[in-house]
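Take a look at the structure set out below.
Just so it is clear, none of the values below were taken in a lab; they were calculated from the coordinates. It should be emphasised that the depicted structure is a prediction, and the values quoted were computed from it without experimental measurement. Cβ sites come from the backbone with ideal geometry, for glycine too, and all protein chains shown count toward neighbours.
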Amino acid sequence: MTFEDAQRTLLAGVRDRIRNGELTERRFARLIGISQPHAHNVLKGVRKLSPQVCDAILRFFHMSLLDLASLNEFNLYLQRKIEERYPEVPFLETPVGPRLPWPAGIDRQRSFPLPFPSVIAPPHLVMANLLADPEMYSTLSGYDIALLDTSDSQRSEITPEGLYIVDRGNEAVARYVRPGARVHYAISDASLPAPANWERLAVPARERTRVIRARVQWMGREHDRALPVNQRGRFLYDPISW
């Protein structure tokens, strides 16, 4: 809706009230504080409404600009705003998983909507395609994409429940990470019950971001893109804190 559309709708309502006998042109002019000739010219379309006169008419009828929009215009507006609240996040240029190194760049030709409301897509968030990983048979089961947080804070502040992308040099895989006395350990679903099989990450704590590339925030299915946002996958931790 444009300003002219709003003015036309407003004046059409005034003309209807005058035509129905609810109001006279003289009384209308007096109540909104303009001369009768001016009111006559405005109603005939000879003169344009000033913002002040528009406001006076709206106040007289106890209306707002929202009352001038049609239901269809409201629906289109709301739909657009809903879509705007879920910006698209680009994918890493190659998948993440066994036998593939950490992707070298971003593929900005491909993207996926954020799974939570946001004004913009934070630059430290990326989508990744997930390769099947036999070592993570439970955690990754049924999911083929993930939302990754590559910020330094999420890569350095390790939590026991967090799922991370661990860079082994020749491959980048999803693993849980546990701190030890001197080293950190990468843990898969398969090795979780047997601490003796946990993989040592022999890197100083201050340099752990060289090995931990991202924290997994959300996992879902790419083909579920058209589903409602709450049916596309699952969060691994509370999105409000992002």
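Summary of values
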{"item": "Spatial separation of Cα centroids for the range 1-73 and the range 100-158, in angstrom", "result": "54 Å"}
{"item": "Sites TYR137 and ILE106 - FRET efficiency at Förster radius 30 Å, r taken between beta-carbons, to 0.05", "result": "0.55"}
{"item": "Charge tally in the Cβ shell below 10 Å around GLU222, where Lys, Arg are +1 and Asp, Glu are -1, GLU222 excluded", "result": "+2"}
{"item": "Sparse-neighbourhood loop sites, trypsin sites (Lys or Arg not before Pro) in the range 142-185 - DSSP loop, at most 13 other Cβ within 10 angstrom", "result": "ARG182"}
{"item": "Listed residues PRO101, VAL216, ILE32: farthest to the positive end of the dipole of the chain (Cβ charges)", "result": "ILE32"}
{"item": "Cα gyration tensor shape of the chain, rounded if a/c is under 1.5, else prolate or oblate by comparing a/b with b/c", "result": "prolate"}
{"item": "Potential lengthening between ALA202 and VAL46 on full extension [0.36 nm per residue; Cα-Cα distance subtracted]", "result": "48.0 nm"}
{"item": "Neighbourhood charge, 14 Å Cβ-Cβ cut-off, centred on GLY33 and excluding it, Lys, Arg +1 and Asp, Glu -1", "result": "+3"}
{"item": "Helical contribution to [θ] at 222 nm, DSSP H n ≥ 4, -39,500 (n - 2.57), averaged over the chain, rounded to 500", "result": "-8000 deg cm²/dmol"}
